[in-house]
Amino acid sequence: MTRRLTEVAKKAGVSEATVSRVLNGREGVSEATRTAVLTALDVLGYERPTKLRGERARLVGLVLPELQNPIFPALAEAVTGALVQRGFSPVLCARTIGGVSEVEFLDMLLEHQVSGIIFAGGNYAMADASHEHYKKLTDRGLPAVLVNAGVDGLGFPLVSTDDAEAVEQGLAHLVSLGHTRVGALLGPADHVPSRRKLAAAESAVAAHEGRVRLDVERSSFSTEGGRAAAAKLVKQGVTGILCASDVLALGAVRAVRRLGLRVPQDVSVVGFDDSALMNSVDPPLTTVRQPIEAMGQSAVELLVQQIDGAEISVDELLFEPELVVRSSTAPVPRA
């Protein structure tokens, strides 16, 4: 009991005496403090006293693949803010290498009796990954929303950036600068958004009727992985690189420099996300911006509609990206 009081008090930012008063239903505690204590109790996985179980806080899980990529903290900020405005308590679950898996997070959230879950970049985005655990949600009728493209047939609404439009904007920008040897630096072969980007790139290149050549390399979504894959593209002779994320683009910039070349004088680089500080890196990154704030708001709205019992479409809601031109792209170098 003492350990529980200590942990709940620390989580809620109050004294152990205040926690005791809340759990025993005593007066002299503000409603805000009372809610904070009960939410901390739920988040830590402790059972509420019997007389308080009918007042379970409305928890919503947000499951992210990582926090190192700045785009995911940005999404978390948008989603958690929107949830709090609607009276829900967000529970952030971020996976780490060798840490808790998406399946384990899902089981934990189900044990905590969450009202719904928002997933971003989970197993659903990988065609070859296991998707069986999502059936637990449908079996229980638990509302869920997926952010960005995923495999077909899961039965949940999706909120996505238009990958095809993003590639078309980036490629058109490079072609307008005179680049005819373009590299596409994408995620793994079974990554659904990368598949969409590749299909769009191939279609856009085909429209140029042989005047533009496309080379493709794949990588994990890491700076070092992007560096290794981009080095191959540069050695193949590309002068412009389209990347599936800003993290990969930063790896591409590093690869160009390690080869004794310059960005953008020798090789132009285009990212995807417009995540935090991309205007402050060297050089400032030309990238295709995802409307993360609007996407996060929409994901929450779709989830809340389900929680409230509304029938909603499971179609994909596509958001239009925006090309942001900075200093990492320039006209093709002269021979």
Condition check for Val19: open to solvent by less than 20 Å² (accessible area, probe 1.4 Å) and at pLDDT below 90:
yes
Going by what's in this entry, would Asp308 be described as of a type in the set (Asp, Glu), out of contact with any Gly (no Cβ under 9 Å at 6 or more places or on another chain), open to solvent by less than 20 Å² (accessible area, probe 1.4 Å) and under 30 Å from Ser115 (Cα atoms)?
no
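Could you tell me whether the stretch 289-296 includes any residue that is at pLDDT 95 or above, of a type in the set (Gly, Ala, Ser) and surrounded by 17 or more Cβ atoms within 10 Å (Cβ to Cβ)?
Looking only at the stretch 289-296, we keep the residues that are at pLDDT 95 or above, and these are 289-296.
Those left that are additionally of a type in the set (Gly, Ala, Ser): 294, 296.
If we keep only those that are surrounded by 17 or more Cβ atoms within 10 Å (Cβ to Cβ) too, we end up with 296.
The answer is yes, given that some residue of the stretch 289-296 is at pLDDT 95 or above, of a type in the set (Gly, Ala, Ser) and surrounded by 17 or more Cβ atoms within 10 Å (Cβ to Cβ).
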For the subset of the stretch 172-195 comprising residues that are of a type in the set (A, V, I, L, M) and either open to solvent by less than 30 Å² (accessible area, probe 1.4 Å) or in contact with a Lys or Arg (Cβ under 8 Å, 6 or more places away or on another chain) (or both), which member is nearest to Gln265 (Cα to Cα)?
Leu174
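Taking the stretch 217-233 on its own, how many of its residues are within 21 Å of Pro331 (Cα to Cα) and without any contact (Cβ under 8 Å) to a residue 40 or more places away in the chain?
Just the residues of the stretch 217-233 that are within 21 Å of Pro331 (Cα to Cα), to begin with: 230-231, 233.
Next, only the ones that are without any contact (Cβ under 8 Å) to a residue 40 or more places away in the chain stay: 231.
Counting residues in the stretch 217-233 that are within 21 Å of Pro331 (Cα to Cα) and without any contact (Cβ under 8 Å) to a residue 40 or more places away in the chain gives 1.
Is it true that Ser275 is open to solvent by less than 40 Å² (accessible area, probe 1.4 Å), modelled with pLDDT under 95 and not charged (D, E, K, R)? Talk me through it step by step, then tell me what you get.
Details: open to solvent by less than 40 Å² (accessible area, probe 1.4 Å): yes; modelled with pLDDT under 95: yes; not charged (D, E, K, R): yes.
Yes: the conditions hold for Ser275.
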Out of (1) open to solvent by 10 Å² or more (accessible area, probe 1.4 Å); (2) among the aliphatic types (A, V, I, L, M); (3) not in a strand (DSSP E or B), the one Ala229 does not meet is (1)
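Considering only residues that are in a helix (DSSP H, G or I) and of a type in the set (S, T, N, Q), look in the stretch 136-181 and name the one that is nearest to Gln305 (Cα to Cα). Outline the logic, then answer.
Our first condition is that a residue be in a helix (DSSP H, G or I); within the stretch 136-181, this holds for 136-140, 163-176.
When the remaining residues are screened for being of a type in the set (S, T, N, Q), the result is 138, 169, 176.
Numbers: Thr138: 16, Gln169: 33, Ser176: 44 Å.
Per the criteria, the residue is Thr138.
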Test: residue in the stretch 213-220 that is open to solvent by less than 30 Å² (accessible area, probe 1.4 Å), touching a helix residue (DSSP H, G or I) at 6+ places or on another chain (Cβ under 6 Å), modelled with pLDDT of 95 or more and not in a helix (DSSP H, G or I):
yes
Does Arg211 satisfy the criteria of being of a type outside the set (Val, Ile, Thr) and touching a residue at least 40 places away in the same chain (Cβ under 8 Å)?
no
If you scan the stretch 289-305, which residues turn out to be over 17 Å from Gln85 (Cα atoms) and among the polar types (S, T, N, Q)?
Gln290
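Yes/no matrix, rows are residues, columns are (1) open to solvent by less than 60 Å² (accessible area, probe 1.4 Å); (2) under 30 Å from Gly87 (Cβ atoms); (3) at pLDDT below 95; (4) part of a helix (DSSP H, G or I):
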position: Val238; (1), (2), (3), (4): yes, no, no, no
position: Ile241; (1), (2), (3), (4): yes, no, no, no
position: Ala255; (1), (2), (3), (4): yes, no, no, yes
position: Leu261; (1), (2), (3), (4): no, no, no, no
position: Gly271; (1), (2), (3), (4): yes, no, no, no
position: Pro284; (1), (2), (3), (4): yes, no, no, no
position: Thr287; (1), (2), (3), (4): yes, no, no, no
position: Ile312; (1), (2), (3), (4): yes, yes, yes, no
position: Arg326; (1), (2), (3), (4): yes, no, no, no
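The values are calculated or read from the model by the stated rules, or taken from the named source; none is laboratory data. No experiment lies behind these values; they were computed from the predicted model shown. Cβ: placed from backbone, ideal geometry, glycine included. Neighbour counts: every protein chain shown. With ligands, DNA and RNA removed, areas are computed over all heavy atoms of the protein, side chains included. Shrake-Rupley method; radii C 1.70, N 1.55, O 1.52, S 1.80 Å.
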